[in-house]
1. What number of residues in the stretch 153-183 are open to solvent by 100 Å² or more (accessible area, probe 1.4 Å) and either at pLDDT below 80 or under 25 Å from Thr139 (Cβ atoms) (or both)?
2. Being open to solvent by 20 Å² or more (accessible area, probe 1.4 Å), modelled with pLDDT under 90 and under 13 Å from the mean Cα position of the chain (by Cα): is that true of Pro1 here?
3. Look through the stretch 10-38, keep the residues that are in a loop (DSSP other than H, G, I, E, B), modelled with pLDDT under 75 and open to solvent by 60 Å² or more (accessible area, probe 1.4 Å), and return whichever of them is nearest to Met73 (Cα to Cα).
4. Residues being polar (S, T, N, Q) and touching a Gly at 6+ places or on another chain (Cβ under 9 Å): count how many of those fall in the stretch 94-111.
5. Applying the selection to the stretch 184-208, what residues are open to solvent by 80 Å² or more (accessible area, probe 1.4 Å), part of a strand (DSSP E or B) and modelled with pLDDT of 70 or more?
6. Scanning the stretch 130-160 for residues that are outside any loop (DSSP other than H, G, I, E, B) and small (Gly, Ala, Ser), which turns out nearest to Leu114 (Cα to Cα)?
7. Can you say whether Glu150 is surrounded by fewer than 16 Cβ atoms within 10 Å (Cβ to Cβ) and modelled with pLDDT of 95 or more, as far as the supplied structure shows?
8. Restricting attention to the stretch 128-138, which residues are open to solvent by less than 70 Å² (accessible area, probe 1.4 Å) and more than 19 Å from the chain's Cα centre (by Cα)?
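The values are calculated or read from the model by the stated rules, or taken from the named source; none is laboratory data. Predicted model only: the values in this text are computed from it and were never measured. Cβ placement follows ideal geometry from the backbone for every residue including glycine, while neighbour counts extend to all protein chains displayed. For accessibility, only protein heavy atoms count, side chains too; no ligands or nucleic acids. Shrake-Rupley method; radii C 1.70, N 1.55, O 1.52, S 1.80 Å.
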Amino acid sequence: PNGSFENWEQKPFGEEPAHWGEFNSQALNGIFPGIVDSTIVKSQDAYSGSYAMELRSKTFSMLTSDTITPLAMLNLSNGDVNAAKMKIDSSLTSLSGYIKQDIVDSPANATTILVTVYLKGDIVGAGLSEFSEDIVEYTSFDVPIMYLDEEKGDSISVAILAGNGDFPLPGNIMWLDDFKLNYKAVPQSAGKKPQTQISVYPNPFVDQFTV
């Protein structure tokens, strides 16, 4: 939903794309309202359409200065990570889209996109892609899903981390656009459908007929 990031909603701490949320902004402002603006930016630097989702690491001050590594999630509301899921009814093969980024040059710095597939609450598959270098122009990506057993799930979560959460660095910028969920194709039967002739008699009938 809203994979093109064209639809946005106003929040107390800034705008967020409809059906998407940023964990740190929601969690911190739930405890200390107004402490930090959203790390999601409504960017006009889009691959297509009018807008893209921009994730920007930033520093805020309370008792000390801390840097937030943006964590954007599909269907995140009120910082409830466990509820940030979307129902699916088919076998998901991958998540694709377009990315560009300007990240701080550090051996430990990278951005990641994680897709987790669930079946009745249990994890049955996942896909992870990591991007450790600057990407100057929008570039297509594809996060393939690997399943533990059968290629089947009933819900997914999508998490995007704009940097290394263990070593947060200010200055990371990540642009994302045109997300698409790709599903396994339903096989089509080859050739023509078999022709079946049916006769019913007698017509008209009384009490009993034969097929």
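1. Here the count works out to 2.
2. Judged against the criteria, Pro1 is a match.
3. Filtering the stretch 10-38 for residues that are in a loop (DSSP other than H, G, I, E, B), modelled with pLDDT under 75 and open to solvent by 60 Å² or more (accessible area, probe 1.4 Å), the one nearest to Met73 (Cα to Cα) comes out as Asp37.
4. Here the count works out to 3.
5. Listed by number, the residues that qualify are Tyr201, Asn203, Pro204, Val206, Gln208.
6. The extreme case among them is Ala159.
7. Considered against the rule, which asks whether it is surrounded by fewer than 16 Cβ atoms within 10 Å (Cβ to Cβ) and modelled with pLDDT of 95 or more, Glu150 comes out as no.
8. Ile135
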